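Data block below; observations after.
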Amino acid sequence: MALTQQIGTTDASTWADLSGRWFFAWRMAAACEGALREVTEARDGLDDPGRRLALDKVSSLLHDEMTRWVRRGEALDMIVERMPRAE
């Protein structure tokens, strides 16, 4: 949770930075999910064990990457929830 240590002020640039990071993290997670679906569909239609093994590896890598981006997005969610509101 090193992200919480980087927040020193609550000015507009900090909010914009967090918002941009949050959006990017969730978009990357969604992109990984879409790619994972395509790889799974392609793998299910294969009879060649070599290609199937290669797609299994790709599937594993995409799953790990998707999980990493989801965790980053969730961490940013927690930071945004704890930011003081401008009044």
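Derivation of every value follows stated rules applied to the coordinates shown; laboratory data play no part. From a predicted model like this one, the values you see are computed outputs, not experimental measurements. Neighbour counts run over all protein chains shown; Cβ positions are idealised from the backbone, glycine included.
Couple of notes before you dig in:
- Projected label points at PHE23 and ARG71, each 7 Å from Cα along the beta carbon direction, are separated by 2.6 nanometres.
- Extents of region 19-67, taken as max minus min of Cα coordinates on every principal axis and listed largest first, are 45, 15, 10 Å.
- Stokes-Einstein D for region 46-87, Kirkwood Rh over Cα pairs, 4 °C, 1.567 mPa s (µm²/s): 100 µm²/s
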